[in-house]
Structure formats: C-alpha cells, structure tokens
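Trainee: Have a look at this one.
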Amino acid sequence: MPQRLALLAYGVLMRLLVPPLLMRLWWRARQEPLYGQAMPERLGFGPATPPGAVWLHAVSLGETRAAEPLIQALRQLYPQVPLLLTHGTATGRAAGATLLGPADHQCWLPLDTPGATRRFLQRHRPALGILMETEVWPRLLHEAQRAAVPVVLANARLSEKSLRQSLRFDALLRPAAASLAQALAQTEADALRLRLAGVRHVRVAGNLKFDQRPSPELLAAGESWSAGLARPVVLAASWREGEDAPLLAAWRRLLDRRAAADKGQPEPLLLLVPRHPQRFDEVARLVSDAGLTLVRRSTWGGGGPGALARQAQVWLGDSLGEMPSYYACAHAALLGGSFAPLGGQNLIEAAACACPVFMGPHTFNFVQAAEGAIAAGAAWRCADLDVAVAAACALAERSGARAQAGTAARAYAGQDQGAALRMAEAMRRLISPTAAR
C-alpha cells in the first residue's frame, strides 16, 4: 500500500509539473533551438515506429557517447533489429543523430507522467528497453512492466550519495529498481549499491567508456592547434557552473606569480571548455571580467587558431563534438566537477587521448576510474585549484614527464575493454529469437 500511494502521489505531482517543465524547455530553446523541436514527443505523442526495436535511452551527451560502442555491439550481434534512440537534452539528441542507421528512429523521452509514458510505449512497442547509467524513472518503469517490455540498466553506476537519496524515497524508487530485468554494473561497488537500492538481477559488466576510441581526425586536429605554439596548454575539461570564478582567479594568480618571477618562460594558455553549451556566452563574459584576453573556438572556422588566438590568454572551447581535439591540444587537464562537490566527470576519455589529468577532492561519481587513473600514473589528486593549476602547468612544461604520463594514460584507458560486447551478450535472452535473427 505505501508503494502504491507513493507512485500515485508521484504521478499527480508530475502532472502538475508538466506546464512549468514545458515552459522551461521553450525557454531553453531560445539558446538551443533543438529543445523547441518535436515538443509533442515530450508528452508521448509524435510519429509511431515499427514494433520490435531495441529502445536505448541516453539522456545527454556523455551517455550518448558512452552508448556508441554498445550500439555497435548490438548491431554486430543483432543486425536485423532496429534501434529507437531517446534523449532528454539537445546535446544528447544531436550526438545521437550521428549514430542512426537507415532503419533506426529517434525521439525525446517523454516526461514521467502516467499518460505520456503509456502513450510512448504504445506508439513504439519496443522489444527491449535500455537505460544508460542512472536513468531510473518510476512511472516509465511501471508502465514498461505493465506493457511487458523488459528494461535493462546498462553501464549502471550508483554512488553512495545517490544510494542515500534513493533510500530516502524507498517506497517510490525500490519498486522501480525491482522492476528492472537486469542491471549491468560498472564495478562491484556499484553492483552492491544497486542491490541495496532494490535491483534484483545485477551483474558486473565493466565500463563502456573504456571501449570508446577517439577519432584519429579529431586527435590530429587538436595536435595541429597547439603545434608551433611554444606555450604550455592546460585544459579545464567539462567545467561546471560555480567552478568558473575560482578557476579564473587561480589562473590569474598563477600568471601574476610568473610575471613577478620574470624567468622568461612563455605564458601558459588556458583552454576552457564548459560542460553545458548554454553557458558559452556566460563563461566568455566571466573570462573578460577577470581581465584575461579571450578567443573563442567558434571564431576559427576550419583553419585552426590564427595569430590573435595564439597570443590570447584563454581559449574558450565553445563547440560540440570536439572534446578529443581539446584533449589532444592540451598538455595537461583539470577535471571539471571535481573542485566543487559535484562528483567529477569522466576522465577515461582524457586517458584515451593520452592527456594526464589533475583532479580535485570530489570524484564520488567516478570513484574507481579516478583511483585507477591515479594508481596508473595517469592522474593526480590536488587539494584545491591553486595547487592543481600550478601542478598542471609544471607538468605541461616538462616534455619528458608529460610524455611518460601520456603513455601511462593511454595504457590505463586500454586495460579494461570489452564491456560493450559483454553487455550486448547479456541482453540476448531478452531479445526475441525472431527479432534477433
């Protein structure tokens, strides 16, 4: 009874939230027009698709990138099964569009109301649902169970903080977790926490991010940007709101110290890449307000940085899909989300691009990856931004140590591959024999 009441109350709340949620999407569409497209899909409407597809939900850009090797493995094992990709953000949908095959479809995941989720499942009738990483929606999973659609949580992770939050809403979230056909966890620790949250069938399959391989063309582009600079380049990777001002202050202090020392060293370049594209203009203003000269990546076109860019103190990475280029351009990286209590970002991509990483104290979303990179000599943990900025610049200026760290990073990124194929194989029993032929 408490679980039924919790689901009922949640459904009422979500219905009440529909108008403000839609208004928020329209507001975001002013900066990112894709948010304003196909809005009826948010309510479970829109074109129907042929039944029997594998439905894969990757909410945003990071999850969509991580899903790419899994999509390739699914196509290898089940070439006749079409895919239905769903997303929650504009960056996720834009990245997902590049992964579609001729028979595949794409739409927004509906808001988690009873009517929207029911209409979504009735219109598409997938054979299997795959949710990436942490996407557990109570109403969606309830309706999937009613429609006899098995749902797998792939590349699953659950931090201690998220487990505590889940247990606070146990009456609502435990039935959702229990309804999952399977959870394919990244680590043993994630598997244990998922079981404590109520998932019944859990196995460890590894981390899909180890299967990602950066584009050689993007790596070559990044290397060309820094070629001939004769300056150390430090990347602030996937930088989050609230971290900008402390970073720019720490960078300003570093430049002032170096100028006062007057050792004739070239001034380091900060390559700042915000996590969310809607913040590009805001971050540009913050850089200018900090008294630092700025050039934006979007002003280069396809020819690379010009003379003005080569003299700037900060490059703003205001483009999408070029993260491997930014890592290849940099001599060392600062890990966004780790210098404020935000849990950190994926550092496996940096390692795959042979870019050593300096992280802050807060990496609770990626504990095993962070500790593994540190043990491999591919990353270092720093107490605060001043220490990290100084350490990253020092490594960037030492070509021998930098090359050694880059080699260690690439070796670390290649040590645990095969998760995509393991996950695709684990789903075999859930895909009907007719569809899988």
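Trainee: Scan around Leu128 for amide H atoms under 5 Å from its own, H built in the peptide plane at 1.01 Å from N, and keep only partners 5 or more places away or cross-chain.
Mentor: Long-range HN contacts for Leu128: Trp55.
Trainee: Compute, for the chain, the length of the dipole vector about the Cα centre, with Cβ point charges of +1 (Lys, Arg) and -1 (Asp, Glu) only. Units Debye, rounded to 20.
Mentor: 1140 debye
Trainee: On the Cα set of region 83-170, report Rg and Dmax in Å, please.
Mentor: 14.0, 44
Trainee: Between Arg381 and residues 5 or more places away or on another chain, which pairs have amide H atoms under 5 Å apart, with H built 1.01 Å from N, and which residues are they?
Mentor: Hits under the 5 Å cutoff: Met359.
Trainee: I need to check one value: relative contact order of the chain, counting alpha carbon pairs closer than 8 Å and at least 6 residues apart, in percent.
Mentor: In percent, rounded to a whole number, it is 15.
Trainee: Let me ask you something else. What do you get for Rg/Rh of region 320-384 when both radii come from the Cα atoms and Rh is the Kirkwood radius?
Mentor: Expressed as Rg/Rh, it is 0.94.
Trainee: Could you tell me whether region 264-339 comes out rounded, prolate or oblate from its Cα gyration tensor? Rule is a ≥ b ≥ c as square roots of the eigenvalues, rounded for a/c under 1.5, then prolate if a/b exceeds b/c, otherwise oblate.
Mentor: Since a/c stays below 1.5, the shape of region 264-339 is classed as rounded.
Trainee: Please list 3J(HN,Hα) in residue order for region 402-413, calculated via the Karplus relation 6.51 cos²θ - 1.76 cosθ + 1.60 where θ = phi - 60°; whole Hz, with x for glycine and proline.
Mentor: 5, 5, 5, 5, x, 5, 5, 5, 5, 5, 4, 5
Trainee: While we're looking at this one, here's another question. Please compute, for the alpha-carbon atoms of the chain, the extent along each of the three principal axes and give them in descending order in Å.
Mentor: Cα spread of the chain along its principal axes, largest to smallest: 71, 44, 43 Å.
Trainee: Assuming a ≥ b ≥ c are the square roots of the Cα gyration tensor eigenvalues, decide whether region 315-424 counts as rounded (a/c under 1.5), prolate (otherwise, with a/b larger than b/c) or oblate.
Mentor: Note, shape of region 315-424 comes out rounded.
Trainee: Can you list which of the trypsin sites (Lys or Arg not before Pro) found in region 233-283 are DSSP loop residues with at most 12 other C-beta atoms within 10 Å?
Mentor: Filter output for region 233-283: Lys263.
Trainee: Pop out the ³J(HN,Hα) list for region 77-92 in order, Karplus 6.51 cos²θ - 1.76 cosθ + 1.60 with θ = phi - 60°, rounded to Hz; leave Gly and Pro as x.
Mentor: Ordered by residue, 3J(HN,Hα) equals 7, 10, x, 8, 8, x, 10, 10, 9, 10, 8, x, 10, 5, 5, x Hz.
Trainee: Continuing with this model, one more query. Given H placed on each backbone N at 1.01 Å, which residues far from Val204 in sequence or on other chains put an amide H within less than 5 Å of it?
Mentor: Under 5 Å from the amide H of Val204 lie the amide H atoms of Ala185, each far enough along the sequence or on another chain.
Trainee: Binning every alpha carbon pair distance of region 48-99 at 10 Å from zero, what are the percents per bin?
Mentor: Going out from 0 Å in 10 Å bins, region 48-99 shows 27, 53, 20 percent.
Trainee: Beyond 32 Å, what share of the Cα-Cα pairs of region 216-413 remains, rounded to the nearest whole percent?
Mentor: 7 percent
Trainee: Only Lys, Arg, Asp and Glu count, each charged at its Cβ (+1, +1, -1, -1), so figure out the dipole size of region 216-413 about its Cα centre, rounded to 20 debye.
Mentor: 360 debye
Trainee: Residue-wise, which Karplus ³J(HN,Hα) couplings in Hz belong to region 297-308, taking 6.51 cos²θ - 1.76 cosθ + 1.60, θ = phi - 60°, and x for glycine or proline?
Mentor: Running phi through 6.51 cos²θ - 1.76 cosθ + 1.60 with θ = phi - 60° gives 4, 5, 8, 7, x, x, x, x, x, x, 4, 5 Hz.
Trainee: Also, I was wondering about something else. Could you order peptides 358-369, 304-315 by the average number of other Cβ atoms within 10 Å of their residues, highest first?
Mentor: Output ranking for 358-369, 304-315: 358-369, 304-315.
Trainee: Under the rule a/c < 1.5 gives rounded, and otherwise a/b versus b/c splits prolate from oblate, where does region 74-118 land using the Cα gyration tensor?
Mentor: Taking the square roots of the gyration eigenvalues as a ≥ b ≥ c, region 74-118 is oblate.
Just so you know, all these numbers are worked out from the coordinates, no wet-lab data involved. Owing to the predicted nature of the structure, the values given are computational and were not obtained by experimental measurement. For neighbour counting, all protein chains shown are included, and Cβ atoms are generated from backbone atoms with ideal geometry for every residue, glycine included.
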